[in-house]
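Down below is the structure, laid out as structure tokens.
Taken together, the values in this text are just the output of simple stated rules run on the coordinates, not laboratory data. Note that the structure is predicted; figures quoted are calculated from it, not measured. When we count neighbours, we look across all protein chains shown, and the Cβ atoms used for this are built from the backbone with ideal geometry, even at glycine.
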Amino acid sequence: MNVELSPLTHIEISVNDAEEAFQVLNKTLGALKVQEELAKLLGGEGALDIHVGLGDAVFQFVQPKIYLGSWSDQLKNFGPGVHNITFGVDNMEKTREIFKEEGISELIVMDFEWDKIIPAEALKPDPQPVIIMDTMEMLGFHLELYESLIKEEFAPPQQKYVTGSDKLIGNVSPMLHI
């Protein structure tokens with residue numbers, strides 16, 4: 001049994017200076033900040049979170065301001081680098097069961113107060129948590145997985161790229177591989 005995935009949502013990277021990371025990609029390759037409201041929500045008080053669109057990909061730079069568990073540990077022990085790669089899944093409960101059967105544990109379970117940013121009529125009942133699976137030792141990165149929160153009838157029109165644009169961002173081609 002396999003999990004049905006969305007296209008790649010983002011590559012999440014632990015860094016010491018998120019703004020500097022953005023500036024390097026902006027000045028050299030024409031990257032732009034994207035998904036700024038979501039970045040503020042996800043970063044909260046504990047991190048500076050900057051989502052950067054480049055080509056057809058989103059890089060989520062996470063700069064911990066306080067101890068943030070896995071992200072802070074990675075910076076301390078290994079320095080800046082990819083923390084996780086993120087995909088949407090069709091069914092979170094089924095996904096959790098499949099990973100458990102494979103002996104892969106959940107590193108982080110994140111329940112957000114989605115009802116504070118998504119209108120009640122658009123929010124699916126019983127939104128599932130966002131899960132980061134502990135796959136670093138096996139894959140070289142963790143897997144972050146989420147189930148869509150928006151009822152189908154309220155889903156915005158799909159843009160060509162996950163960056164929210166129908167055009168590539170910057171002076172680059174579409175991503176070929178990670």
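Side notes on the structure shown:
- Among THR9, THR86, THR163, the order by Cβ neighbours within 10 angstrom, fewest to most, reads THR9, THR86, THR163.
- In terms of other Cβ atoms within 10 Å, THR95, THR28 run from fewest to most in the order THR28, THR95.
- Formal net charge of residues neighbouring LEU168 (Cβ-Cβ distance under 12 Å; K, R +1; D, E -1): 0
- Distance from the Cα centroid of the range 1-53 to that of the range 134-178 is 11 Å (rounded to whole angstrom).
- Close amide H contacts of ALA47 (hydrogens built in the peptide plane, cut-off under 5 Å, sequence separation of 5 or more or a different chain): LYS65.
- For the range 17-25, 3J(HN,Hα) per residue [Karplus equation, 6.51 cos²θ - 1.76 cosθ + 1.60, θ = phi - 60°, Hz, x = Gly/Pro]: 9, 5, 5, 5, 4, 4, 4, 4, 5
- The chain - percent relative contact order, Cα under 8 Å, separation 6 or more: 28
- Cα-Cα over 27 Å, subset of LYS33/LYS116; LYS94/LYS151; LYS65/LYS167; LYS40/LYS94; LYS40/LYS160: LYS65/LYS167; LYS40/LYS94
- Formal net charge of residues neighbouring LYS151 (Cβ-Cβ distance under 11 Å; K, R +1; D, E -1): -2
- Loop chymotrypsin sites (Phe, Trp or Tyr not before Pro), the range 41-142, which have at most 12 other Cβ atoms in a 10 Å radius of their Cβ (DSSP): TYR67
- Among beta bridges identified by DSSP and lying wholly in the chain, the antiparallel ones come to about 70 percent.
- Over the chain, the pair-distance histogram of Cα-Cα distances with 10 Å bins from zero comes to 9, 35, 38, 17, 1 percent, rounded to whole numbers.
- Per-residue Cβ neighbour rank within 10 angstrom, fewest leading, SER70, SER14, SER105: SER105, SER70, SER14
- Annotation: amide H of GLY30 within the under-5 Å range of ASN171, sequence separation 5 or more or interchain, hydrogens built in the peptide plane.
- Rounded to whole numbers, the Karplus 3J(HN,Hα) couplings from phi for the range 7-16 are x, 3, 8, 6, 10, 9, 10, 7, 9, 7 Hz, using 6.51 cos²θ - 1.76 cosθ + 1.60 with θ = phi - 60°, and x at Gly and Pro.
- Whole-Hz ³J(HN,Hα) from phi, Karplus 6.51 cos²θ - 1.76 cosθ + 1.60, for the range 39-50, glycine and proline x: 4, 5, 4, 5, x, x, 7, x, 8, 8, 10, 10
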